[in-house]
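I have placed the structure first, in the form of structure tokens, so that the comments after it can refer back to it.
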Amino acid sequence: ANKSILILEAMDESTEAQNNNQEYLNFINKTSISFKYVIITCRTNLFIDEQSFPKYTGFYDGTNLLKFNIIHISQFSEQEIQLYLDNKYGIGTKKYQKSMTIKNNCNGLLSRAMILNFIDDLLDIASEKKITSFKIYYTIIEKWLCRELRIDNIGDCFDKVKKLYNFSNDIALY
């Protein structure tokens, strides 16, 4: 894991983080120490104000206490999403039409940079009658598992996928 990057998305949606965000961060710090980098995404509503953002990780680089690198990223506006999809796929193409179906049925999830980044992975679900938030996240996770295992279809390697899914799920529960 020392060459791996751990990405924990939506810390603000964790009940444990909402109850005590500093204790939660301490837990993440301790359990993710073997990763080269840890990226945590979180909406600012988890913290009362800018002064309450965590500043230090609790780890040293030998002599200095390591600081968190905090980067503020705003959600995309409808116009920015539209411009991105226009440029990425070209107006009128089949991929563009599918991306518009997803955009119009995902309840604003594409305004999140991470979700918009995975739009190519979501094109396959555009023909479904109901596109839910759950289905969007499920599809992203499924495609990620396939990429990690270097397989084309999740059915090709179910046991390995299940192990990686369970590991990811266990991390998410903390």
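The values are calculated or read from the model by the stated rules, or taken from the named source; none is laboratory data. Treat the numbers as computed from the prediction; the structure is a model and nothing was measured. With ideal geometry, Cβ positions are generated from the backbone for all residues, glycine too; neighbour counts draw on all protein chains shown. Please note that ligands, DNA and RNA were not included when accessible areas were found on the heavy atoms of the full protein model with its side chains. Shrake-Rupley method; radii C 1.70, N 1.55, O 1.52, S 1.80 Å.
Considering segment 1-34 alone, what residues qualify as being among the aromatic types (Phe, Trp, Tyr) and within 21 Å of residue 73 (Cβ to Cβ)?
Scanning segment 1-34 gives a single hit, 24.
For segment 35-74, the candidate set comprises residues that are of a type in the set (A, V, I, L, M) and closer than 22 Å to residue 113 by Cα; within that set, the residue that is surrounded by the fewest Cβ atoms within 10 Å (Cβ to Cβ) is 71. Against the test of being at pLDDT 90 or above, farther than 25 Å from residue 170 by Cβ and of a type in the set (A, V, I, L, M), the options 85, 65, 110 yield a single qualifying residue, 85. One residue stands out in segment 108-144 among those that are under 18 Å from residue 43 (Cβ atoms) and outside any helix (DSSP H, G or I): the one that is nearest to the chain's Cα centre (by Cα), namely 112.
Looking at residue 32, is it open to solvent by 80 Å² or more (accessible area, probe 1.4 Å) and under 19 Å from the mean Cα position of the chain (by Cα)? Criteria not met by residue 32.
Among the residues of segment 90-100, is any touching a Ser or Thr at 6+ places or on another chain (Cβ under 8 Å), outside any strand (DSSP E or B) and more than 27 Å from residue 32 (Cα to Cα)? Before you say what the answer is, go through the steps one by one.
Going residue by residue through segment 90-100, those that are touching a Ser or Thr at 6+ places or on another chain (Cβ under 8 Å) are 98.
Adding the requirement that they be outside any strand (DSSP E or B) leaves 98.
Now drop any that are not more than 27 Å from residue 32 (Cα to Cα), which leaves 98.
Checking segment 90-100: at least one residue is touching a Ser or Thr at 6+ places or on another chain (Cβ under 8 Å), outside any strand (DSSP E or B) and more than 27 Å from residue 32 (Cα to Cα).
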